[in-house]
Amino acid sequence: MAVNLGEITSLAMLADARVLSGKAHLEQKQVEWVSVIETPVENFVRQHEFVLSTGVGLGNDSDALLRFVQDVYESGASALALATGRHLYDIPKRVISFAEQRGFVLIEMTWEIRFSDVIHSCMEKINHYQQEELKRSEEVQQRLLEMVLQGGSFSDIARYVHKHLGSPVLITDPLGRLKGKAGCTTEHVTHWQRHCECHVTVVHDGNLHPLHKKMEKIVIGDTPGLLMRIQSAGKEQGQMVIFSVNHPNNLDTNLLEHATTATALAFLKDSAIEETEMRLKDDFILSLANGEFVSKERLLSRGKLLGYNLTLPYVCVVGELDNLEELFRKNKEGFASYQHWFESMIYYVSEEILVAGETIQKRILTTVQESKLLIFLETTPGTNELVNQYLDLLERRLSRLLPGVLLTWGIGQHGDGVIVFEESYSKACVALELGRKQKGAGSRIDYEDTKINRLLQRLSYDKDVQEVTMSTITPLVDYDEKRKMDLIGTFTAYHLNNGNVSQTARKLNLHRQSLLYRLRKIESLTRLSLMNPDDVFLLDLSIKIWSVGLRDSDVLKEGRF
């Protein structure tokens, strides 16, 4: 606390001084400095000053004296002491009345008291209090930092602040989610959650302490309070909310300053621990997927240390976020670069993956590598209903986070059993690859549904099959690239409609004659007859092998056929 006027007027050298007005306010008026001023006042007096004056030139002009007292009062000074006996012999009643009406402390002191002695005694007391305040501030700072370094929680910090301020305290992450609290009722928490939805804050108008600039006045429910943003490493880490506090004094402000510093350190500490834990978990899950563990016992032991129960059946789901750069161009406001935005989004995607698992009450092992999502989901062998339920929920949550996001999924095989992470991951990757080739981005393919495509892909590895396939389909591919006629799509639709020309024309939104022209062009380019079942089978098989295994391969790029 600062020195107050009651303590100043109690100084031995001011024993003969008379307090003419504002006696009721002596204990409330703070004194931070002592100055000597004569007319004019202008802007030479600041708030909380104890002003000394001889009233030179004002002794015979009561109006001028009143203006002088009024100017000192309006400057924000705590008190004005007038020395009488030389330039000023009497202080008019209307001057005293003016000061009394406004609660301004006006003091009369004798001419014999030297101003230098008054200044020395006042500053000695002020300095003493400042030293005591600095000592208390350092003790608070040391206690809070020790609390964090010794493993104290956010609630421990909140309890310390609550103990000294007597006000309810909340500490939250940047999204307003509770990290710690003290002295808060359920009603306080509920009102805070509602406040977060409105995001209404007003910058604090204090200008006496640097921390005031970081404070925001808030009204939570019907309760006024302060919000301080916790920042470190160039970004916001969280928030501290103090209920029922509007204008903290200097001592309270020092406490809050040290509390925000300690909270920032706690956030950094938690972040470092979390990042280390995440790296360990990511490495472990990648090792599971790649089959790098040499023994089942070591795998189970390592999993247990990280909080995973690996004795349950899991199915692997591999996903791909296909249009992140496009989404960044639409939502890049507030982000310095794509990498900055990407890292933020991936963090929240990881959170949503875990939250979706908690919602359906199933364990999740997950890691995100670039834009690829790797998820091992606890499941019931023999059915994919739970997996689809989980992915439906996850997609709904991610669409709120990233509107317009395009997700492609590959699902491993159900019923493989326990400790089959490598096998399930491999199958999920195959399903993702084949699903993308078969249905494009945004598809969801189960490994069970890829039997034909897997067979076709296996065939595509054979040299003779490659030769027959590419010699059959290359003329169509070349023609489609030059003329953009989509002869391959035309044949596929024609074959799916069992050779019915009218039905195929309606499906492709083509005139019947245009369709017939395309079919003849297919026959002329491939030298195959669409009336010959063997030729139709060869063309259909070649297109399927090409689309599954050879479309993006080096065989076509190098023009071997």
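The values are calculated or read from the model by the stated rules, or taken from the named source; none is laboratory data. Keep in mind the model is a prediction, meaning the values are calculated, not measured. FYI the Cβ positions are ideal-geometry reconstructions off the backbone, even for glycines, and counts take in every protein chain you see. Protein only, heavy atoms only, side chains kept; ligands, DNA and RNA dropped before computing areas. Shrake-Rupley method; radii C 1.70, N 1.55, O 1.52, S 1.80 Å.
Taken as a whole, the condition of being of a type in the set (D, E, K, R) and within 24 Å of Gly410 (Cβ to Cβ) applies to Glu326.
Within region 29-42, can one find any residue that is without any contact (Cβ under 8 Å) to a residue 40 or more places away in the chain, under 25 Å from Glu132 (Cα atoms) and either touching a Ser or Thr at 6+ places or on another chain (Cβ under 6 Å) or open to solvent by 10 Å² or more (accessible area, probe 1.4 Å) (or both)?
Keep residues of region 29-42 that are without any contact (Cβ under 8 Å) to a residue 40 or more places away in the chain, which gives 35, 37-42.
Keeping just the survivors that are under 25 Å from Glu132 (Cα atoms) gives 35.
Right, trim to either touching a Ser or Thr at 6+ places or on another chain (Cβ under 6 Å) or open to solvent by 10 Å² or more (accessible area, probe 1.4 Å) (or both) and you get 35.
Within region 29-42, one or more residues are without any contact (Cβ under 8 Å) to a residue 40 or more places away in the chain, under 25 Å from Glu132 (Cα atoms) and either touching a Ser or Thr at 6+ places or on another chain (Cβ under 6 Å) or open to solvent by 10 Å² or more (accessible area, probe 1.4 Å) (or both).
Can we say Glu49 is among the acidic types (Asp, Glu) and open to solvent by less than 40 Å² (accessible area, probe 1.4 Å)? It would help to see each step written out before you state the result.
Numbers: among the acidic types (Asp, Glu): yes; open to solvent by less than 40 Å² (accessible area, probe 1.4 Å): yes.
Taking the combined requirement at face value, the residue satisfies it.
No other residue among Ser116, Ser153 is open to solvent by less than 90 Å² (accessible area, probe 1.4 Å) and free of Cβ contacts under 8 Å to residues at least 12 places away in the same chain apart from Ser116. Can you pull out every residue in region 67-93 that is of a type in the set (Ser, Thr, Tyr), part of a loop (DSSP other than H, G, I, E, B) and open to solvent by 30 Å² or more (accessible area, probe 1.4 Å)? Across region 67-93, the qualifying residue is only Tyr89. Does Gly103 satisfy being at positive phi, in a loop (DSSP other than H, G, I, E, B) and surrounded by fewer than 21 Cβ atoms within 10 Å (Cβ to Cβ)? So Gly103 passes the test.
Could you say whether any residue in region 166-179 is assigned to a helix (DSSP H, G or I), open to solvent by 80 Å² or more (accessible area, probe 1.4 Å) and out of contact with any Leu (no Cβ under 8 Å at 6 or more places or on another chain)? Working first, answer last.
Restricting attention to region 166-179, the residues satisfying the condition of being assigned to a helix (DSSP H, G or I) are none.
No; the residues of region 166-179 include none that is assigned to a helix (DSSP H, G or I), open to solvent by 80 Å² or more (accessible area, probe 1.4 Å) and out of contact with any Leu (no Cβ under 8 Å at 6 or more places or on another chain).
Considering only residues of region 440-453 that are in contact with a strand residue (DSSP E or B) (Cβ under 7 Å, 6 or more places away or on another chain) and free of Cβ contacts under 8 Å to residues at least 60 places away in the same chain, which is surrounded by the most Cβ atoms within 10 Å (Cβ to Cβ)? Lay out the reasoning, then the answer.
Keep residues of region 440-453 that are in contact with a strand residue (DSSP E or B) (Cβ under 7 Å, 6 or more places away or on another chain), which gives 441-447.
Still in the running and free of Cβ contacts under 8 Å to residues at least 60 places away in the same chain: 443-445, 447.
On the way: Ser443: 18, Arg444: 21, Ile445: 23, Tyr447: 26.
Taking the candidates together, the pick is Tyr447.
Listed conditions (1) closer than 24 Å to Gln389 by Cβ; (2) in contact (Cβ under 8 Å) with a residue 12 or more places away in the chain; (3) not in a strand (DSSP E or B) are all met by Val368, apart from (3).
Output the residue which, of all residues in region 284-340 that are among the charged types (D, E, K, R) and open to solvent by less than 90 Å² (accessible area, probe 1.4 Å), is nearest to the chain's Cα centre (by Cα). The qualifying residue nearest to the chain's Cα centre (by Cα) is Glu326.
When you check Ala64 against the structure, is it open to solvent by less than 60 Å² (accessible area, probe 1.4 Å) and assigned to a helix (DSSP H, G or I), yes or no?
Taking the combined requirement at face value, the residue satisfies it.
Has region 309-319 got any residue that is farther than 26 Å from Cys429 by Cβ and among the hydrophobic types (A, V, I, L, M, F, W, C)? Before the answer, list the steps.
Of the residues in region 309-319, the ones farther than 26 Å from Cys429 by Cβ are none.
Checked against the condition, which is being farther than 26 Å from Cys429 by Cβ and among the hydrophobic types (A, V, I, L, M, F, W, C), region 309-319 yields no hits at all.
Within region 448-483, the set of residues being of a type in the set (Lys, Arg) and within 30 Å of Glu385 (Cα to Cα) comprises Lys451, Arg454, Arg458.
When residues in region 346-386 are screened for being aromatic (Phe, Trp, Tyr), under 21 Å from Ile445 (Cβ atoms) and open to solvent by 20 Å² or more (accessible area, probe 1.4 Å), 0 of them pass.
Please specify each residue of region 296-338 satisfying the condition of being within 30 Å of Glu423 (Cβ to Cβ) and part of a helix (DSSP H, G or I).
Filtering region 296-338 down to residues within 30 Å of Glu423 (Cβ to Cβ) leaves 296-322, 324.
Correct list: Lys296, Glu297, Arg298, Leu299, Leu300, Ser301, Arg302, Gly303, Lys304, Leu305, Leu324.
Checked against (1) crowded, with 19+ Cβ neighbours inside 10 Å; (2) modelled with pLDDT of 85 or more, Gly435 meets all criteria but (2).
Only residues in region 283-311 that are touching a residue at least 40 places away in the same chain (Cβ under 8 Å) and β-branched (Val, Ile, Thr) count as the first member; pair them with residues that are open to solvent by 40 Å² or more (accessible area, probe 1.4 Å) and in a helix (DSSP H, G or I), Cβ under 8 angstrom, at least 6 apart or cross-chain, and list the lot. Cβ pairs passing all conditions: Thr311/Leu300. Answer yes or no: is there a residue in region 494-515 that is charged (D, E, K, R), farther than 30 Å from Lys427 by Cβ and crowded, with 17+ Cβ neighbours inside 10 Å. So far as region 494-515 goes, no, none of its residues is charged (D, E, K, R), farther than 30 Å from Lys427 by Cβ and crowded, with 17+ Cβ neighbours inside 10 Å.
Annotation note: Cβ proximity below 6 Å between a residue of region 210-229 that is open to solvent by 40 Å² or more (accessible area, probe 1.4 Å) and among the charged types (D, E, K, R) and a residue that is in a strand (DSSP E or B) and at pLDDT 75 or above (sequence gap 6+ or interchain) occurs for Lys214/Met228; Arg229/Glu236; Arg229/Gln239.
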